1. With charges only on Cβ, +1 for K and R and -1 for D and E, what is the dipole size of the stretch 40-149 about its Cα centre, in debye, rounded to 20?
2. Could you line up V69, V86 from fewest to most neighbouring Cβ atoms inside 10 Å?
3. Could you go through the stretch 115-127 in sequence order and give the Karplus-derived ³J(HN,Hα) for each residue, using 6.51 cos²θ - 1.76 cosθ + 1.60 with θ = phi - 60°, rounded to whole Hz, and x for Gly and Pro?
4. Can you sort K72, K55 so the residue with the fewest Cβ neighbours within 10 Å comes first?
5. Let a ≥ b ≥ c be the square roots of the eigenvalues of the Cα gyration tensor of the stretch 40-149; is it rounded (a/c under 1.5), or, if not, prolate (a/b larger than b/c) or oblate?
6. So for R54, R84, fewest C-beta neighbours within 10 Å to most, what's the order?
7. Using +1 at the C-beta of Lys and Arg and -1 at the C-beta of Asp and Glu, which of V79, L121, F93 has the Cα lying farthest in the positive direction of the dipole of the stretch 40-149?
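Where a number appears in this text, it was derived from the coordinates with a stated rule and is not lab data. If you're wondering where the values come from, they're calculated on a predicted model, not measured in any experiment. Don't worry about glycine lacking a Cβ; one is built from the backbone with ideal geometry, like all the others, and counts go over all protein chains shown.
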Amino acid sequence: MAGRDTPHSAPDDSGAAGPRGKSGGRGRKKATDWFGNLGQLDFDIDFFERLLLRKSDSVEVLRTLAELVSRKGLVKRAVELDRRLVELMPDDFLARYNLACSLARAGRPDEAIDSLSRAILLGYDDLTHMETDPDLESLRDHPDFRSLLDTD
């Protein structure tokens, strides 16, 4: 469903879903009746939040949800989710890098740089991406960030 604003089908009054474009429109609801004004991103976030309630330690659900809430601009929630991922996988450099990105977006530069340092120590080595990652924009002029990029 990712990337679409409406489903292939919407339920009719009986609760059964029918294929799009079939006639017999009596009793059929429009997609806006089914989803309301919920956009795809909001729908996806809600879906993964519900999954997280069932599987609170699912790395896949946490990673996906963290990405979605970050895309939505829910920075505080992204930090919470990324911290949870680091708790579950303390030696995962990608979890540390993503936490650094969330912290940088949340205006917490010292914590972000600490998380970036740990990500590098754990094996993160894409310094070119780190230098251009828009999530790290707030750190560009920070001397400790510049030091992390100096490999000479």
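1. Dipole size: approximately 340 debye.
2. Least crowded to most crowded, the residues run V86, V69.
3. 5, 5, 4, 5, 4, 5, 4, 7, x, 5, 9, 8, 5
4. Going from least to most buried by this count: K55, K72.
5. prolate
6. R54, R84
7. My answer, from the dipole projection, is V79.
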